[in-house]
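The values are calculated or read from the model by the stated rules, or taken from the named source; none is laboratory data. The shown structure was predicted, so the numbers you read here are calculated from the model rather than taken from an experiment. Here the Cβ is made from the backbone with ideal geometry for all residues, glycine too, and neighbour counts use every protein chain on show. These area figures cover heavy atoms from the full protein model, side chains too; ligands, DNA and RNA do not enter into them. Shrake-Rupley method; radii C 1.70, N 1.55, O 1.52, S 1.80 Å.
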Amino acid sequence: MTPMTAPASSSRPFLNRRLAPFGTTIFAEMSALAARTGSINLGQGFPDTDGPAEIAEAAVRAIRDGRGNQYPPGPGVPELRTAIAAHQERFHGLSYDPDTEVLVTAGATEAIAAALLGLLEPGDEVIALEPYYDSYAACIAMAGAHRVPLTLRAPHFRPDLDALRDAITPRTRLLLLNTPHNPTGTVLTREELAVIAELAIERDLLVVTDEVYEHLVFEGAHVPLASLPGMRERTVTISSAGKTFSFTGWKVGWVTAPPALVGAVRSAKQFLTYVSSGPFQYAVAEALALPDAYYEDFRQDLAAKRDLLAGGLEAAGFDVFRPQGTYFITTDIAPLGEKDGLAFCRALPERCGVVAIPNQVFYDDPTAGATQVRWAFCKRPEILHQAVARLARLRPGK
């Protein structure tokens with residue numbers, strides 16, 4: 001038997017050069033660090049409890065009844081597409097045809113990838129809010145396009161709309177927005193979105209909006225960009241079930257947009273997963289029909305957890321930028337005498353038994369977020385209390 005050998009050396013790297021700058025995600029690194037050290041993981045944004053029992057039972061029922069165990073329809077099962085359209089009408093007053101204007105994806109992550117791969121050509125420019133979720137940069141790179149950051153700066157993290165106007169060039173194809181915004185927790189206002197809409201129409205730009213935290217707004221209100229005059233026809237709206245119903249592992253997301261835009265996204269999506277999450281699609285269709293009380297109780301629960309963790313971080317000596325929405329709190333470590341968020345987060349498990357994420361990995365210029373650290377508060381209260389007690393060790397004088 002011929003022994004296995006390493007591939008022959010090559011003058012060309014094996015990894016596509018567009019992906020070379022990205023490497024292993026910070027979430028994988030920090031989650032592995034949490035597991036290795038037995039630390040409380042406030043890094044990756046997933047809940048430590050499951051969502052509604054009746055929705056989990058709906059998934060079990062679908063499996064037992066043989067619904068979705070084989071390949072579901074490419075655009076998604078009709079029941080879920082109808083439920084998504086009803087959700088958009090119910091909460092946002094947006095009307096979409098479930099047959100031609102709704103597409104089910106493998107989570108919002110695939111929706112973002114398919115949208116960018118389907119809508120961009122090599123050389124196009126994409127303006128995105130910075131700091132940005134790491135998959136944005138990777139997907140723009142895979143499409144051969146160029147990202148142009150619009151930096152949200154502490155302490156308020158509001159978009160500089162004059163800078164946005166100046167950033168648009170003849171090569172700009174698309175604006176990539178995220179509201180409520182991960183990692184800063186900023187919720188774009190109707191007034192800010194109106195200016196963005198005017199620019200998109202004036203410059204004939206497409207817009208992709210990531211709205212996965214649409215039901216986690218603690219201050220202000222979520223306004224879908226597609227609801228503004230002239231924007232429905234040029235906006236791809238993305239959301240998912242994972243964050244709203246606490247079933248992040250199910251990976252059920254969706255796109256709503258006019259038929260031509262959905263068609264472009266679907267053309268790319270069909271060569272990614274093609275289809276996924278068959279039985280879970282039926283369960284999510286039922287979840288979207290839950291009463292208003294579910295959504296309000298969910299929001300209030302997360303708001304209380306936000307305040308619990310924010311108070312503990314402030315007591316430990318951090319500057320805390322209390323978020324308007326999402327699962328996350330951004331802090332500044334400078335008051336603790338720290339200058340490097342990545343080094344701080346790598347050392348934190350040994351110091352305190354807690355894991356967080358350094359925001360600098362979400363910036364093109366790491367120095368812009370060098371002292372910012374992100375914490376997830378979508379955990380049980382007792383876990384947050386434990387984390388707060390451990391972080392108190394950082395307090396000056398302790």
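Which one of Thr109, Thr151 is more than 14 Å from the chain's Cα centre (by Cα), closer than 24 Å to Ala356 by Cα and either of a type outside the set (Phe, Trp, Tyr) or surrounded by fewer than 19 Cβ atoms within 10 Å (Cβ to Cβ) (or both)?
Of Thr109, Thr151, the one residue that is more than 14 Å from the chain's Cα centre (by Cα), closer than 24 Å to Ala356 by Cα and either of a type outside the set (Phe, Trp, Tyr) or surrounded by fewer than 19 Cβ atoms within 10 Å (Cβ to Cβ) (or both) is Thr151.
Condition test on Gly220, is it open to solvent by less than 10 Å² (accessible area, probe 1.4 Å) and on the phi > 0 side of the Ramachandran plot?
no
From the set of residues in the stretch 157-175 that are free of Cβ contacts under 8 Å to residues at least 60 places away in the same chain, within 20 Å of the chain's Cα centre (by Cα) and closer than 26 Å to Arg374 by Cα, which is surrounded by the most Cβ atoms within 10 Å (Cβ to Cβ)?
Only one residue fits best here, namely Leu175.
Consider Ala368 against the criteria (1) within 30 Å of Phe298 (Cβ to Cβ); (2) of a type in the set (A, V, I, L, M); (3) in a helix (DSSP H, G or I): it satisfies all of them except one. Which criterion is unmet?
Condition not satisfied by Ala368: (1).
Of the conditions (1) in contact with a helix residue (DSSP H, G or I) (Cβ under 6 Å, 6 or more places away or on another chain); (2) open to solvent by 20 Å² or more (accessible area, probe 1.4 Å); (3) within 17 Å of Thr237 (Cβ to Cβ); (4) of a type outside the set (D, E, K, R), Tyr133 fails just one. Which one is it?
Of the numbered conditions (1) in contact with a helix residue (DSSP H, G or I) (Cβ under 6 Å, 6 or more places away or on another chain); (2) open to solvent by 20 Å² or more (accessible area, probe 1.4 Å); (3) within 17 Å of Thr237 (Cβ to Cβ); (4) of a type outside the set (D, E, K, R), the odd one out for Tyr133 is (1).
Of these, Ser277, Ser267, which one is in contact (Cβ under 8 Å) with a residue 24 or more places away in the chain, buried (at least 16 other Cβ atoms within 10 Å of the Cβ), more than 24 Å from Gly185 (Cβ to Cβ) and of a type in the set (Ser, Thr, Tyr)?
Residue meeting the stated conditions: Ser277.
Checking the condition open to solvent by 30 Å² or more (accessible area, probe 1.4 Å) and either part of a helix (DSSP H, G or I) or touching a Leu at 6+ places or on another chain (Cβ under 6 Å) (or both), which residue from Glu198, Glu192 passes?
Glu198
Of the residues that sit in the stretch 285-316 and are open to solvent by less than 20 Å² (accessible area, probe 1.4 Å) and touching a helix residue (DSSP H, G or I) at 6+ places or on another chain (Cβ under 6 Å), which one is farthest from Asp65 (Cα to Cα)?
It comes out as Ala316.
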